[in-house]
Amino acid sequence: RKEVEQDPGPFNVPEGATVAFNCTYSNSASQSFFWYRQDCRKEPKLLMSVYSSGNEDGRFTAQLNRASQYISLLIRDSKLSDSATYLCVVRDTGRRALTFGSGTRLQVQP
Amino acid sequence: DAGITQSPRHKVTETGTPVTLRCHQTENHRYMYWYRQDPGHGLRLIHYSYGVKDTDKGEVSDGYSVSRSKTEDFLLTLESATSSQTSVYFCAISERDQYNEQFFGPGTRLTVL
């Protein structure tokens, strides 16, 4: 089982739609969580950190569910420019690195 | 955007040749990392550095070595390139430690024939 699992998609949604991605992680001791965005053939860029209480940044909302070991990303009012791959990232206690999921691809259509 | 550059951006080489990739940062961040990204695998850590001359192995370090003689430069060397090392290589930096958010360079696309 992968340490961080994501549905690869693609998620095809119309402009203005609300879309949600989940990501599950295997280590219950994981401590930090992030969502990164990666455009085709570009570098990953930090979208937002995920806090225990959940957090929101404009149209983006991230949630953490420690009991079920998953984090989610909700995008409201999707824009064409939201089309990208979204990477779930987890930090494990005692590990020397962040662990990246393989990503979920979102395609927003006009 | 964080000041991170990578060179070269693209390289094609032959099996058995040595290859060195360079990462340069202008942010004066202490921590630097080398990742590779392959389809279906996500980003995997090759090596990282927590200061000048201080480096450590990541999860896929076999066949790679690194050096950091200055804060701003982190070099990744493939001593004898193999076709399995065909990949996109990303450098990243972070300010405090490896557990905080990281900022990535534009990547180097390496093809080993």
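The values are calculated or read from the model by the stated rules, or taken from the named source; none is laboratory data. Source: prediction; values computed, not measured. Reconstructed Cβ throughout: ideal geometry from the backbone, glycine too, with neighbour counts over all protein chains shown. Quick note on the areas: whole protein, heavy atoms, side chains included, nothing else; ligands and nucleic acids left out. Shrake-Rupley method; radii C 1.70, N 1.55, O 1.52, S 1.80 Å.
All told, A:SER32 falls short of being open to solvent by 50 Å² or more (accessible area, probe 1.4 Å), of a type outside the set (Val, Ile, Thr), farther than 29 Å from B:ARG109 by Cα and modelled with pLDDT under 95. Filter the range A:61-109 for residues that are in contact with a Lys or Arg (Cβ under 9 Å, 6 or more places away or on another chain), farther than 11 Å from A:PHE34 by Cα and modelled with pLDDT under 95; which is farthest from the other protein chains (Cβ to nearest Cβ)? Top of the filtered list is A:ARG96.
Among the numbered conditions (1) within 30 Å of B:ARG109 (Cα to Cα); (2) open to solvent by 20 Å² or more (accessible area, probe 1.4 Å), the only one that A:THR104 does not meet is (2). Pairs are defined by a Cβ separation below 9 Å, a sequence spacing of at least 6 or placement on different chains, a first member in the range A:1-17 that is more than 14 Å from chain B (Cβ to nearest Cβ), and a second member that is exposed (fewer than 14 other Cβ atoms within 10 Å of the Cβ) and assigned to a loop (DSSP other than H, G, I, E, B); the pairs so defined are A:PRO14/A:PRO110; A:GLU15/A:ASP77; A:GLU15/A:LYS79; A:GLU15/A:PRO110; A:GLY16/A:ASP77; A:GLY16/A:LYS79; A:ALA17/A:ASP77. Among the residues of the range B:36-50, the ones that are facing another protein chain (nearest Cβ under 8 Å) and either open to solvent by 10 Å² or more (accessible area, probe 1.4 Å) or touching a residue at least 24 places away in the same chain (Cβ under 8 Å) (or both) come to 5 in all. Checked against the criterion of being in contact with a Lys or Arg (Cβ under 9 Å, 6 or more places away or on another chain), within 14 Å of chain A (Cβ to nearest Cβ) and modelled with pLDDT of 95 or more, the candidates B:SER94, B:SER87 yield just one match: B:SER87.
The single residue among B:GLU27, B:GLU59 that is more than 8 Å from chain A (Cβ to nearest Cβ), open to solvent by 60 Å² or more (accessible area, probe 1.4 Å) and either closer than 23 Å to B:GLY3 by Cα or in contact with a strand residue (DSSP E or B) (Cβ under 8 Å, 6 or more places away or on another chain) (or both) turns out to be B:GLU27. Entry remark, the range A:36-60: residues being more than 14 Å from chain B (Cβ to nearest Cβ), assigned to a strand (DSSP E or B) and farther than 28 Å from B:ASP38 by Cα number 1 in total.
Would you point out the residue of the range A:18-29, among those that are among the hydrophobic types (A, V, I, L, M, F, W, C) and loosely packed, with under 13 Cβ neighbours inside 10 Å, that is farthest from the other protein chains (Cβ to nearest Cβ)? Top of the filtered list is A:ALA20. Evaluated against (1) crowded, with 19+ Cβ neighbours inside 10 Å; (2) at pLDDT below 95, A:SER49 falls short on exactly one condition, (1). For the range B:80-109, the set of residues classified as aliphatic (A, V, I, L, M), out of contact with any Ser or Thr (no Cβ under 6 Å at 6 or more places or on another chain) and touching a residue at least 60 places away in the same chain (Cβ under 8 Å) consists of B:ALA92, B:ILE93, listed by residue number.
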